[in-house]
1. With both partners inside segment 158-273, how many of the DSSP beta bridges are antiparallel, as a percent to the nearest 5?
2. Given Ile54, Thr155, Ala114, which one lies farthest toward the positive end of the charge dipole of the chain, if we put +1 on the Cβ of every Lys and Arg and -1 on the Cβ of every Asp and Glu?
3. Is there a quick way to get the dipole size of the chain? I mean about its Cα centre, with the Cβ of Lys and Arg at +1 and of Asp and Glu at -1; what is the value in debye to the nearest 20?
4. Among rounded, prolate and oblate, which fits segment 10-53 when a ≥ b ≥ c are the square roots of the eigenvalues of its C-alpha gyration tensor, a/c under 1.5 means rounded, and a/b larger than b/c means prolate?
5. For Thr186 and Lys272, calculate 0.36 nm times their separation in residues minus their Cα-Cα distance, and state this gained length in nm to one decimal.
6. Could you give the length gained on full extension between Val30 and Thr100, defined as 0.36 nm per residue of separation minus the Cα-Cα distance, in nm?
7. Mind giving me the FRET efficiency for Thr120 and Arg141? R0 is 22 Å, r the Cβ-Cβ distance, nearest 0.05 is fine.
8. State, as an integer percentage, the relative contact order of the chain based on alpha-carbon contacts under 8 Å between residues 6 or more apart.
Amino acid sequence: MTDRFRSVAVAAARDAGGLLRERLDRPREVGFKGTVDLVTDADRASEALIAGRIQEAFPEHRLLGEEGARGALAEDDGSDGEGDATGGFGWLVDPLDGTTNYAHGYPHFAVSIALEQAGTLLLGVVYDPMRNELFVAERGRGATRNGEPIHVSGTEDLIRAVLTTGFSYDLARRAVQAPVWRAFLTRVQGIRQTGSAALNLCYVAAGRLDGYWEGPLQPWDTGAGALLVEEAGGRVSDLRGGSFRPYGREILASNGALHGAMLAVLAASTAKSGEALSVVPD
Ligand code: 2AM
Ligand code: CA
């Protein structure tokens, strides 16, 4: 059965990614969900393709898509699925992660599809159509990039680490995020901020980046990438070191070796900024 989950998700991610790539240079309809929070016609077309495929193959499953696609029951209701038709299975779909990049023609974005069962991630698929890189993780079976196993980096010291983060669409929230970014900046080799949470997590999984922190985020941004990091030998948690939850709103992902040092910086800087980074805005 898990092979079927994987093959449906991989085919949907590749086809949706192809659709995004094809449309990148065409004029776009851009709408605004907030002051700087965009949605394009490509987000919607990609989501329709993916949700259509998943609902056709697994009509009884829950599904939560960024642009509003909903399956049998969108949110995890906390039940283990026993006694209902879902079997506890829920899909998390980001049809275009890196929408701001996409709307600007900046070629760094991805499709992200995750499957969880009663809150446990089973499958993560992320496809970057511009580099033709397909990242897949299945619980207990490792993580791959285009079919080859990937592993997190061996970096042990923050000062040798290249980290990544992202900033909120909520401009007021950025004022809280900035001191945290500054605290890291003075302790690491470098920080990259390239606008796709899913690819940030894949890059940690592949050892291209050593760690990533961000909050607030949405379940569809992190589900697939979180499993990729774990299956590549890394560690994921919330921003205080508690368990990562697929329907939580924040993530700290690292190669494992750097996790404690990153938590210490987060603890010190959020205390100093006087407000928790992780407070959910919506
Ligand atoms: P999106 O491109 O699908 O909107 C940018 O930091 C990354 O965070 C992107 O992956 C973006 O996803 C995601 N993100 C999700 N919710 C966000 C929010 N409220 N503010 C900023 N970025 C958000
Ligand atoms: Ca998106």
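1. Working: 8 of 13 bridges.
Here the share of antiparallel DSSP bridges comes out near 60 percent.
2. The listed residue farthest towards the positive side: Thr155.
3. On the way: 28 positive and 38 negative charges, 192 e Å.
For the chain, the charge dipole is close to 920 debye.
4. Values: a/c = 2.84, a/b = 1.60, b/c = 1.77.
Note, shape of segment 10-53 comes out oblate.
5. On the way: separation 86, 0.36 × 86 = 30.96 nm, distance 1.52 nm.
Gain on stretching Thr186 to Lys272: 29.4 nm.
6. Numbers: separation 70, 0.36 × 70 = 25.20 nm, distance 1.01 nm.
Separation in residues times 0.36 nm, less the Cα-Cα distance, equals 24.2 nm.
7. E between Thr120 and Arg141, to the nearest 0.05, is 0.95.
8. Relative contact order of the chain: 16 percent.
The values are calculated or read from the model by the stated rules, or taken from the named source; none is laboratory data. Owing to the predicted nature of the structure, the values given are computational and were not obtained by experimental measurement. Every residue, glycine as well, gets a Cβ built from its backbone with ideal geometry; the counts of neighbours run over all protein chains shown. Only protein heavy atoms, including side chains, enter the accessible area calculation; ligands, DNA and RNA are left aside. Shrake-Rupley method; radii C 1.70, N 1.55, O 1.52, S 1.80 Å.
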